[in-house]
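Reading through the structure tokens given below for one structure.
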Amino acid sequence: MSKLAILGGEKVATSSIAANVKWPVVNRAMEEGVLSVLRDGNMSGTDITKKFEAEFAKWNGTKYALAQSSGTSCLQAAMFGVGLGHGDEIICPSTTYWASGLPAMSLGATIVFADIDRKTLCLDPADFEKRITPRTKAVVVVHYCAYPAPMDEIMAIARKHNIKVIEDVSHAQGGRYKGKMLGTFGDVAAMSLMSGKSFAIGEGGILITDDREIYERAMLWGHYERGGDINLPGLAEYKGLPCGGYKYRMHQLSSVVGLEQLKKYDDECAAIDAAMKYFWAGLADLPLGNHIPEEANSTKGGWYACKGLYDPAAFEGLSLKYFIEAVVAEGGQGFGAGCNAALHTHPLFHTMDVYGDGKAANTANLPADANKDINKDGDLPVAESICNYTFSIPWFKHVDRALIDEQIAAVRKVCENYKDLLASDPKEEVKGKFFQTARKN
Ligand SMILES: *Cc1c(COP(=O)(O)O)cnc(C)c1O
């Protein structure tokens, strides 16, 4: 019974978790909403999108919401919204999806990567402060894998240095930091709502803010036909054409799904929260980190891309890769070693002359006396090694004790018998990968 499956023993988890982890949940109301938009010939309007924006803003408690075609375009609109441009620097954690920072490049700004904290997997406040220069205009804070970033510390540093704060809430819609909705701390928040995320509406993204100027600038950037909403002096005279951006309107099939998603999302998050906490409770006595926030009233929303934290030292140096292979051999499902590759290691941020300036795009617009020796290998030790300390876990959508117990048993068995693996551990490193093949969803 205790012989590990990877060494020829019998596996402990035999039921498929597929039905429990299935996402998103499409209900009748979504189907009917989509059909009505199709039948009304109303795919490209904005009437339903505006309703969705109003409801989404209300849910978050912000004054404004602006829906767009993707989270990526919303992040760029937020960057344009805060006035990011040539010669400015924007600080972004290195461990995140590329769209958290990369849209700054085509605004002519320089992306300066900062390290993450080993425990939160979010921007490390001390490292953020270290990277600030007189040119730092903004910081992107990612609530990575649904963990609420330490907003008290980050906001204090940002305010002290007069830096605009953009929250990327793509992983954490509906999550809270000390009781307050994520996305409502900074000057503006942007997030993806694509099907893989916990708030899933198809393809799309949304920006939320209380700042009228940021809202109108974002509107001017990508919504040429919504000039009626652009009234501020300095902006109003430019309405009628997209100024700098292009057309980023949300598809109304997405916004109608969003309206329905909003009605059931809080309940879905509660069910996910209960299931994920049941999973971790079953492993509480083992030396694995659960990536659950410790502060009172901090929550993980829909637990997108949920992670466990692994310390090889707790297992006499057993490599994460082999540990996870052993869990999978036990019938573990949804487990995988690693997380996003450290962005600062990609040559795009060092050498590529994207726009034909005759120099590297990321630093092309910095003044001559600015330090261009940034984003170096070895500079961000946590981001560079974190793939060997984090692993994906199954994303349960509701409590099914028997099913979750099997997955707990798979992890438990490996933890309790890890010594049997030490001799055959190939000790391979986990390298975060940039997408080099087409993704499935
Ligand atoms: C998915 C994602 C985005 C981009 O959103 P799209 O809708 O795919 O354009 C941005 N930031 C993070 C952290 C993401 O995970």
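The values are calculated or read from the model by the stated rules, or taken from the named source; none is laboratory data. Just so it is clear, the structure is predicted and the values come from calculations on it, not from any experiment. Cβ placement follows ideal geometry from the backbone for every residue including glycine, while neighbour counts extend to all protein chains displayed. In case anyone asks, the SASA skips ligands and DNA or RNA and just uses the protein heavy atoms, side chains included. Shrake-Rupley method; radii C 1.70, N 1.55, O 1.52, S 1.80 Å.
Determine which single condition F52 fails, assuming it passes every other condition in (1) open to solvent by 10 Å² or more (accessible area, probe 1.4 Å); (2) among the aromatic types (F, W, Y); (3) within 16 Å of the ligand (Cβ to nearest atom).
Going through the list (1) open to solvent by 10 Å² or more (accessible area, probe 1.4 Å); (2) among the aromatic types (F, W, Y); (3) within 16 Å of the ligand (Cβ to nearest atom), F52 breaks only (1).
Within the group P394, P426, which residue is at pLDDT 95 or above and open to solvent by less than 70 Å² (accessible area, probe 1.4 Å)?
Going through P394, P426 in turn, just one is at pLDDT 95 or above and open to solvent by less than 70 Å² (accessible area, probe 1.4 Å): P394.
Output the number of residues of segment 372-391 satisfying the condition of being out of contact with any strand residue (DSSP E or B) (no Cβ under 9 Å at 6 or more places or on another chain) and surrounded by 11 or more Cβ atoms within 10 Å (Cβ to Cβ).
2
Could you tell me whether any residue of segment 67-81 is within 16 Å of the ligand (Cβ to nearest atom), open to solvent by less than 10 Å² (accessible area, probe 1.4 Å), assigned to a loop (DSSP other than H, G, I, E, B) and of a type in the set (S, T, N, Q)?
Within segment 67-81, not a single residue is within 16 Å of the ligand (Cβ to nearest atom), open to solvent by less than 10 Å² (accessible area, probe 1.4 Å), assigned to a loop (DSSP other than H, G, I, E, B) and of a type in the set (S, T, N, Q).
Within the bounds of segment 140-147, is there any residue that is away from the ligand (no atom under 15 Å from the Cβ), modelled with pLDDT of 95 or more and within 22 Å of M191 (Cα to Cα)?
no
Give the residue that is most open to solvent (accessible area, probe 1.4 Å), with candidates limited to residues of segment 90-114 that are in a loop (DSSP other than H, G, I, E, B) and within 16 Å of the ligand (Cβ to nearest atom).
Ranking the candidates gives Y97 first.
Could you figure out which of (1) assigned to a helix (DSSP H, G or I); (2) surrounded by 15 or more Cβ atoms within 10 Å (Cβ to Cβ); (3) more than 16 Å from the ligand (Cβ to nearest atom); (4) among the hydroxyl-bearing types (S, T, Y) isn't true of S15?
(1)
If you go through segment 250-267 one residue at a time, how many are closer than 23 Å to E225 by Cα and open to solvent by less than 50 Å² (accessible area, probe 1.4 Å)? Steps first, answer last, please.
At the first step, the residues of segment 250-267 found to be closer than 23 Å to E225 by Cα are 250-259.
Now restrict to residues that are open to solvent by less than 50 Å² (accessible area, probe 1.4 Å): 250, 252-259.
Of the residues in that region, 9 qualify.
For the structure I just gave you, tell me whether G302 is under 30 Å from W221 (Cβ atoms) and out of contact with any strand residue (DSSP E or B) (no Cβ under 9 Å at 6 or more places or on another chain).
On the way: under 30 Å from W221 (Cβ atoms): yes; out of contact with any strand residue (DSSP E or B) (no Cβ under 9 Å at 6 or more places or on another chain): yes.
Yes; evaluated as a whole, the condition is true for this residue.
In segment 157-173, which residue that is in contact with a strand residue (DSSP E or B) (Cβ under 8 Å, 6 or more places away or on another chain) and more than 22 Å from W303 (Cβ to Cβ) is nearest to the ligand (Cβ to nearest atom)?
In this case the residue turns out to be I166.
Considering (1) over 24 Å from S254 (Cβ atoms); (2) open to solvent by less than 30 Å² (accessible area, probe 1.4 Å); (3) in a strand (DSSP E or B), say which one V140 fails and leave the rest.
V140 satisfies every listed condition except (1).
Tell me, which residue of segment 280-313 that is small (G, A, S) and open to solvent by 40 Å² or more (accessible area, probe 1.4 Å) is modelled with the lowest pLDDT?
A296
Here are some conditions: (1) open to solvent by 10 Å² or more (accessible area, probe 1.4 Å); (2) farther than 18 Å from M155 by Cβ. D117 meets all but one. Which one does it not meet?
Failed condition: (2).
Only one of these conditions is not met by V26: (1) farther than 28 Å from I157 by Cα; (2) in a helix (DSSP H, G or I). Which number is it?
All conditions are met except number (2).
Exactly one condition in (1) within 16 Å of I163 (Cβ to Cβ); (2) within 14 Å of the ligand (Cβ to nearest atom) is not met by G87; state its number.
(2)
If E406 meets every condition in (1) in a loop (DSSP other than H, G, I, E, B); (2) charged (D, E, K, R); (3) under 26 Å from A18 (Cα atoms) apart from one, which number is that one?
The failed condition is (1).
Of all residues in segment 174-228, how many are in contact with a Pro (Cβ under 6 Å, 6 or more places away or on another chain), away from the ligand (no atom under 16 Å from the Cβ) and open to solvent by less than 10 Å² (accessible area, probe 1.4 Å)?
Adding up the residues that qualify gives 1.
Residues of segment 289-339 being assigned to a helix (DSSP H, G or I) and within 16 Å of the ligand (Cβ to nearest atom), which ones? Steps first, answer last, please.
Within segment 289-339, the subset assigned to a helix (DSSP H, G or I) is 312-315, 320-329.
Selection gives nothing.
Would you be able to tell me the number of residues in segment 143-154 that are surrounded by fewer than 20 Cβ atoms within 10 Å (Cβ to Cβ) and more than 10 Å from Y177 (Cβ to Cβ)?
1
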